[in-house]
Every structure is written in C-alpha cells, then in structure tokens.
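Working notes for the structure below.
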Amino acid sequence: MRLKKKLLKNIIVQNILGILTAAYILIVRVTSRINIVNQSSPDYFWKNNKPFILAFWHSQLMMISFCWKSKYGINILASGHSDGRFGAIVGKYFKLKNIPTYVDGQNKNIRLIYNLLKNNKYIGITPDGPRGPKQKASSGIIKISKATQVPIIALGFDSTSNKKLGSWDSFLLTYPFSKCCYVWSDPILIPNDIKDNEIQKYQNLIESEINKCIEAAKGKLSV
C-alpha cells in the first residue's frame, strides 16, 4: 500500500495517468450527447467580459469543462497536495488552470484570486473541497464573493450512465455514450455589508442552488 501511494505521488506516474485520464474524458465527450440549460446566465458575463465565480461540487469535476463556452479558461481552486497536482495535469488539457491552496483551507494564493477577479478572469470553486464534508459549502466562497463583489453562479450536472466512486466526495464517473445535462443557476450576489453571523445563511443558499441545479439536470434526463 505504501509503495502504491508513493507511485501515485510520483510526477512521472502522475503525468502518464493524467494523459490516460484526459483521453478517457475526451472519449466520453465525443460519444455523449450534451444538453445545457440556462446558458444565458454565464453568457451575459462571457459576452460582456465580466467575471463570475463558478460553484459546483467536487464530485462533478470530471465533466465540468464541456459546458464552458468562453475562449478564456477557468482558474480552479485546488489542493496543493498530490491529488491537486494530478488534477492540474488533467485540467491543462481542458482549459482548467489549478490555483493551489493549503489543505487546512487557508488559501496561500488569496491575493492572486482577487487579482484574477479584478482583471475579469473566471474562478471555479468546489465549496466542499478539497477534503469535505461532501456537498457542504465552506465559508471561503462567500467571503471571496463578498470582498470582490463578484457574483457566484452555481452549476449542476448529471448523466444517464455513470458510477459513484467510493471516494470522500462520491466522485461521479460518467461512462461513454451517455446523455449529459448541465444546469446553470442565475447569478447570486453576496451583499458586501453582511455580518459574520450571516455567512452561514449564504453557505446554505449556495448548497441549495447547486443541489437544485443537479436535480433539474436529473429531471431533464428522465424525460
């Protein structure tokens, strides 16, 4: 087991696995049918060169790039450890750029995040990552949105052929030849005058919006 963990942390092994993983994701994309609901929500920001913060659960990271219609990529907050580095290797094939963070939740690149948003770049945050608990939004995304006055747009995804893995986040592995659906929420702006004791209310709101989008995607696929 120790040898396996060491191998998985090896940069050469990670690059080989990254290429194989990217190839699999591309096969899923090419063989699957995709439907996107409420794309007018992010379209407004893309067309007007305005930033927003993309919010989605960590378990749905695999297919996230295929609903992204901007020529500019997404800057994804990710763990600075080996799993985050592996995500960065895979993500580079899909216009996803990782911004490393500390596992304890403290962002060592907080100034970079603010600068990216200030310069009309896009940030993607899995508010339950990098270690959970799953589908529970942390306060970080709320604080970033509040401080920058950049809105959050939630995103939910589902597919007709998939498997939930036994990872902490119940990672959703979509199979080839699936029907896939993405649902965007309307923009959510966090007021800049909320008190610390009000942050939890907005965490709950983000959780609810992501889950509503996922349920809406499931509903579209069941018709």
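No value in this document is a laboratory result; all are computed from the given coordinates. Quick caveat, the model's predicted, so the values are computed rather than measured. Backbone-built Cβ (ideal geometry, glycine too); neighbour counts: all protein chains shown.
For ILE152, nonlocal amide neighbours, meaning residues 5 or more places apart or on other chains whose placed amide H falls under 5 Å from its own, are ILE53, ILE188, LEU189, ILE190.
Put in line by how crowded their Cβ is, counting other Cβ atoms within 10 Å and starting with the fewest, ASP196, ASP169 read ASP196, ASP169.
Taking all Cα pairs closer than 8 Å and separated by 6 or more residues, the relative contact order of the chain comes to 26 percent. Applying 1/(1 + (r/R0)^6) with R0 = 30 Å to the Cβ-Cβ distance of VAL30 and LYS212 gives a FRET efficiency near 0.55. What the Cα convex hull of segment 115-223 gives, in volume per residue, is 114 Å³.
Each of CYS180, CYS213 was scored by other Cβ atoms within 10 Å of its Cβ. Arranged with the fewest first, they read CYS180, CYS213. Kirkwood-type hydrodynamic radius, the chain: 17.9 Å, calculated from all non-identical alpha-carbon pairs.
Within the listed set LEU77, LEU116, LEU155, the residue fluctuating most in the Gaussian network model of the chain (springs between alpha-carbon atoms under 10 angstrom) is LEU116. Among TYR44, TYR24, TYR202, a tally of other beta-carbon atoms within 10 Å of each Cβ gives an order, fewest to most, of TYR44, TYR24, TYR202. Each stretch of four or more DSSP H residues adds -39500 (n - 2.57); spread over every residue of the chain, this sum gives -12500 deg cm²/dmol at 222 nm.
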